[in-house]
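The values are calculated or read from the model by the stated rules, or taken from the named source; none is laboratory data. On a predicted model such as this, the values are computed, not experimentally measured, just so you know. Quick reminder, even Gly has a Cβ in these numbers, built from the backbone with ideal geometry, and neighbours come from all protein chains shown. Quick note on the areas: whole protein, heavy atoms, side chains included, nothing else; ligands and nucleic acids left out. Shrake-Rupley method; radii C 1.70, N 1.55, O 1.52, S 1.80 Å.
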Amino acid sequence: MFTSPVARRVVPDTGGVVRGQAALRSYWQRALSQVPDLHFTMIGVYEGVDTIVIHYSNQLGGNVCKVLSFDGALVREGHGTYLP
């Protein structure tokens, strides 16, 4: 599962919640095709229990945090968060 306000914009019928591998693959292909100049500047990576937060600025200079929750070596959930 992945949640994000960007997902809400790219695939509005999901309400911003994308579930399942096929839907995630489709979402990322669609979302990435809309940002040909995509690049990141890493600000920090923060470790939790079975969770990491990746903090970066994107190509527009916006601050973004991705929160990833793990089940062993696999990502169980991801959440994209942005400053309003």
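A few comments on the model shown:
- Any hit, the range 63-79, residues being closer than 18 Å to L24 by Cα, basic (K, R) and touching a Gly at 6+ places or on another chain (Cβ under 9 Å): yes
- Looking only at the range 50-84, and only at residues there that are closer than 19 Å to R19 by Cα, small (G, A, S) and part of a strand (DSSP E or B), the one that is farthest from the chain's Cα centre (by Cα): S69
- When R9 is tested against (1) closer than 18 Å to L83 by Cα; (2) loosely packed, with under 10 Cβ neighbours inside 10 Å; (3) not hydroxyl-bearing (S, T, Y), just one condition goes unmet, and that condition is (2).
- Filtered residue count, the range 12-23, keeping only those that are on the phi < 0 side of the Ramachandran plot and either open to solvent by 40 Å² or more (accessible area, probe 1.4 Å) or assigned to a loop (DSSP other than H, G, I, E, B) (or both): 8
- In this structure, D37 does not satisfy being open to solvent by 40 Å² or more (accessible area, probe 1.4 Å) and closer than 13 Å to M1 by Cα.
- Of all residue pairs spaced 6 or more apart or on separate chains, those with beta-carbon atoms under 7 Å, a first member in the range 30-49 that is in a loop (DSSP other than H, G, I, E, B) and a second member that is open to solvent by 80 Å² or more (accessible area, probe 1.4 Å) are L38/L32.
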